[in-house]
Amino acid sequence: MDDLNKTVSDNRQVISKKSWVAYVKPLVILFIVFLFLIGFHFLLGIIPILLSILVILHIRSVELYVDNDGVWIYSGIFPWNKGSSGVKWRDLDEAVYYTGFFSWLVKSYTVKISHRFTKDSEIVLSNMKSGEKAVPLINEYHKVSINKIAEA
């Protein structure tokens with residue numbers, strides 16, 4: 001997790017990225033399409049192969065980070081779809097992660113960041129690396145930020 005706890009520009013701290021488990025499904029699909037193409041014309045498979053590559057690049061771009069304003073998810077591979085969405089500290093209810101045997105085994109968790117007022121603004125991310133460490137960190141940041149708001 002050392003590489004995930006780096007501080008980047010704009011006072012952001014990246015606390016989690018997608019786990020290797022997130023890449024399994026697109027790679028399996030890519031492999032199946034490739035095997036299917038061996039018996040057919042290669043040009044038929046260009047589109048599925050390109051789509052699989054785009055999915056893999058998108059998975060690689062996902063970052064869960066915190067800053068002074070809240071907790072955010074950043075993603076996107078093209079300039080027109082790069083961006084962040086998230087929950088401000090004042091609107092955050094709680095952060096939780098879901099575990100099970102497989103999640104524990106591969107250290108890949110589903111992380112849920114709840115909004116106090118609406119379910120539409122929740123962040124739910126599957127296959128997050130070190131999600132079990134990111135959630136307590138988010139909740140601690142939330143606690144500190146709420147105390148700062150109460151003192152002001």
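Every number in this text was worked out from the coordinates using simple rules, so none of it is lab data. What you see is a predicted model, and the numbers here were worked out from it, not measured in a lab.
Past the 22 Å Cα-Cα mark, which pairs from 82/148; 17/112; 82/133? Where the Cα-Cα span goes over 22 Å, the pairs concerned are 82/148; 82/133. The Rg/Rh ratio of the stretch 19-61, with Rg taken over Cα atoms and Rh as the Kirkwood radius over Cα pairs, comes to 1.03.
Nearest 10 degrees, 0 to 90: what angle lies between the long axis of helix 131-151 and the longest principal axis of the chain (Cα atoms)? Compared with the principal axis, the helix lies near 30 degrees. Over the stretch 92-152, all Cα pairs binned in 5 Å intervals from 0 give whole-percent P(r) values of 4, 19, 24, 20, 17, 10, 4, 2, 1, listed from short to long.
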